[in-house]
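Below is one structure, written out as structure tokens, with a few remarks after it.
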Amino acid sequence: MDLNKLTVLETFEGLRDKKFSSEEITKSCLKQIESFNGQIKAFITINEDGAILQAKAVDKKIKNKSPLSPLAGIPVAVKDLFCTKDLRSTAASKILENYIPPYDATVVEKIRTGDGVIIGKANLDEFGMGNSGEKSGFFPTHNPWDLERVPGGSSSGSAAATASDMCIYALGTDTGGSIRQPASFCNVTGLKVSYGRVSRYGVMAMTSSLDTIGPITKNVADAAFVLQQIAGYDKKDSTTPAEKVDDYLKEIKKDVKGLKIGLPKEYFIEGLDEEVRNVVLAAAKKFEDMGAEVVDVSLPHTDLAVAVYYIICPSEVSSNMARYDGIRYGLSKRDGKDLLDIYLNTKSSGFGDEVKRRIMIGTYALSAGYYDAYYKKAMQVRTLVKQDFDKTFSDVDVILTPVSPALAWKMGENMSDPLKEYLADVFTIPASLAGICGLAIPAGLVGGLPVGVQLLGKRFDEKTILRAGYQYQLATDWHQQKPNIK
Ligand code: GLN
């Protein structure tokens, strides 16, 4: 078997049992990247030398019988939104094209001090703004299942690299769906954690009140294993509470008998692809067969979520993007006559259209005369969306929904219609606004294209959605289907 096809847990065990070395598995991933990255374009930077060096160091430790961290020696693709010390971190933006951070994001530091092997920096929609992978400032990523189609986004490269076995697992960010939706389009497992569960320190901020960090993996057990290593309090991120981190690998082993799963009627609306609907209903049926109880529920403010998101997100974007001013980081256009020219020229040439669009919308929404009408109103409706979930979770343990209303679309199809693209996130955005957790898992193939389903859980109740997802994967083999790349 090709080593690059292994899961995190298989790699972990294999390294310990000395079935192979970290150098071997790292080279196997690098070989896969060499063969297929040309067509899939999952990576912005390939960390070939650094990865091999790190792998050799782990192998030495194994030889010397030194204690090993759980993620030691395992190749990971990191979304290029994470700061990696001494390794270029671009946010897929021309404004940071040559930016080399002087420090590691907390999650990266955890991986690096645990001897994890960073195989490369994965492509994304610029700063995380997008859901197709086409809004990278450099080049679009292609879906390994059909190169003419989008892989989803914004964690496009992370999902495509995992699906095509260029890495053993990946890290992404999810602000409004950016882990769940590409996971669904690429047939991999994607975990959006509860807001605050994983430190955001050192990950370039897009929408600070919504951004979360999580794993993209080949199965749920791997997601549980990786989450265990990256979750928890961080003194550098005041939004990470000292909430206890569960023993996820232990929790997922419990069966789903008696688990109460809600199907919200607002997620089965007009515009939902008929075949996607069937996949979700089949998954619900499967859960019933496994002993869960499936009931109808209602989340009445669902249809307001996208509108709310597109006030809050651009508002926070307009503030977060202000720091890329040509003085402190990255690109600097100094040929103008004064300071204002530096700002204008740097931002005009450094940011892509979508980033500029959001800066303009956000600046408008936050301006003195409009703040109450837009931002404040959006925050109030956000509370209503959250209350919908609170109420529903007093009755059910998990909510089951589609991830995306449609299959992965053809590249270019939505590029000229941002509104259409925004609407494609209707089923992932509500959970983001509520700060709860969500898991996307493969649940079917339609015309050769993957369809995922979403399991939503209470804030900090990752263990229950992971358990439901893990048990589902024990009973099905959708997650084992691989794209036929050649
Ligand atoms: N697609 C959404 C957007 O464009 C969500 C992106 C994300 O989760 N980072 O903002």
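Separation of the alpha carbons by more than 24 angstrom is noted, of Lys85/Lys486; Lys218/Lys391; Lys60/Lys244; Lys135/Lys420; Lys56/Lys253; Lys5/Lys420, for Lys85/Lys486; Lys218/Lys391; Lys60/Lys244; Lys56/Lys253; Lys5/Lys420.
Summary of the geometry: segment 317-356 and segment 235-265, compared by the centres of their Cα atoms, lie 41 Å apart. For the chain, relative contact order (Cα pairs under 8 Å, six or more residues apart, normalised by length) works out to 18 percent. Extension gain, Asp395-Val295: 0.36 nm per intervening residue step, less the Cα-Cα distance, totals 35.0 nm.
Can you show me the helix-derived [θ] at 222 nm for the chain, built from DSSP H runs with n ≥ 4 at -39,500 (n - 2.57) apiece and divided by the number of residues, rounded to the nearest 500.
Working: 16 runs with 183 residues, N = 486.
Calculated at 222 nm, the ellipticity per residue is -11500 deg cm²/dmol.
Accessible area per residue for the chain, computed on protein heavy atoms with a 1.4 Å probe, is 38 Å².
Within the chain, the ratio Rg/Rh, alpha carbon atoms throughout and Rh by Kirkwood, equals 0.95. Relative to the current alpha-carbon distance between Asp303 and Asp86, full extension at 0.36 nm per residue lengthens the span by 73.7 nm. Converting phi to 3J(HN,Hα) with the Karplus coefficients 6.51, -1.76 and 1.60 and the offset θ = phi - 60°, segment 274-284 yields 4, 6, 5, 4, 4, 5, 5, 5, 5, 5, 4 Hz in sequence order, with x at every glycine or proline. Only protein heavy atoms count here; under a 1.4 Å probe, Lys5 has an accessible surface of about 80 Å².
The values are calculated or read from the model by the stated rules, or taken from the named source; none is laboratory data. Worth saying up front: this structure is predicted, and the values here are computed from it rather than measured. All accessible areas refer to the heavy atoms of the entire protein, side chains included, with ligands and DNA or RNA removed. Shrake-Rupley method; radii C 1.70, N 1.55, O 1.52, S 1.80 Å.
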